[in-house]
């Protein structure tokens, strides 16, 4: 099983859940979370998937409102320095840090999930957009929840939202996503979106339906351009030309000098030791199996 980590999403969660008194708190919390997931899920390999552009131009061109509410906040985002340093740190640790210029972490995740079709994939992310990739029995999302990790499968999506497990993307288009600045179809909230996708199966079938209430039909027609553009924004890119990488867990640091410098400067000794122990324990478990 390959573990694909949505680095930016998980780092932000760690930053806001780890006390600010902890040096480099986001990275410290992220490494602790990763160690716990490795110990629990026992992956054969890990990829740290990064945003090289959190607001890609192709998405802005398709839908100018995309993440506009975050632009001002991003200028002084306190997580950004930790994200940049963290990439260097995780690479020095020996993990595969993967990104592509002009694309977001979700595109890296989707491409790796698509290219490693012969393997089971688990995606560690706090971004619900990645629920669109869930594909029983091969792809599931590990979503941080109160009290631990929620394993998101098609059956879980159906139970939670009342829709077919592989229709989350169309459901999200209708409902909208305020966190990304996407309003959805005016007059259609989560409950209505769930009902419609449950009945028609997908957005294309819904838009072509001839038995819709006239008011609902008018809402969909008025939002047709938005829905077309939003589809380009919401759906992750699955065919980036990423170079092949060794995703196996590191038996030793890749760059010990850099690792020791950052560890010493930001008091990350405990976090590094917990991570390395989780990898060592996993390797011993595999040797016994």
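The values are calculated or read from the model by the stated rules, or taken from the named source; none is laboratory data. Keep in mind that what you see is a predicted model, and the values were worked out from it rather than measured. Cβ placement follows ideal geometry from the backbone for every residue including glycine, while neighbour counts extend to all protein chains displayed.
Results, tabulated for the structure shown:
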quantity: Residue in region 196-227 that is modelled with the highest pLDDT, counting only those that are under 30 Å from residue 116 (Cβ atoms) and surrounded by 14 or more Cβ atoms within 10 Å (Cβ to Cβ); calculated: 197
quantity: Of the criteria (1) over 30 Å from residue 183 (Cβ atoms); (2) more than 26 Å from the chain's Cα centre (by Cα); (3) outside any helix (DSSP H, G or I), which one residue 250 fails; calculated: (2)
quantity: Matching helices (runs of 4 or more DSSP H) fully within region 184-247 where at least 3 residues are touching a residue at least 24 places away in the same chain (Cβ under 8 Å) and under 22 Å from residue 59 (Cα atoms); calculated: 224-234
quantity: The one condition in (1) touching a residue at least 60 places away in the same chain (Cβ under 8 Å); (2) more than 21 Å from residue 143 (Cβ to Cβ) that residue 36 fails to fulfil; calculated: (2)
quantity: Residue check, residue 133 in contact with a helix residue (DSSP H, G or I) (Cβ under 9 Å, 6 or more places away or on another chain), in contact (Cβ under 8 Å) with a residue 12 or more places away in the chain, under 28 Å from residue 268 (Cβ atoms) and in the same structural domain as residue 14 (by TED's automatic domain parsing); calculated: no
quantity: Residue 150 vs. criteria surrounded by fewer than 18 Cβ atoms within 10 Å (Cβ to Cβ), without any contact (Cβ under 8 Å) to a residue 60 or more places away in the chain and touching a strand residue (DSSP E or B) at 6+ places or on another chain (Cβ under 6 Å); calculated: yes
quantity: Failed item in (1) within 19 Å of residue 85 (Cα to Cα); (2) not in a loop (DSSP other than H, G, I, E, B), with residue 283 passing the rest; calculated: (1)
quantity: Residue 176, sole failed condition from (1) touching a residue at least 24 places away in the same chain (Cβ under 8 Å); (2) surrounded by 15 or more Cβ atoms within 10 Å (Cβ to Cβ); (3) within 19 Å of the chain's Cα centre (by Cα); calculated: (1)
quantity: Any helices (runs of 4 or more DSSP H) falling wholly within region 36-126 and containing at least 2 residues that are surrounded by 16 or more Cβ atoms within 10 Å (Cβ to Cβ) and in contact with a strand residue (DSSP E or B) (Cβ under 9 Å, 6 or more places away or on another chain); calculated: 80-93, 105-115
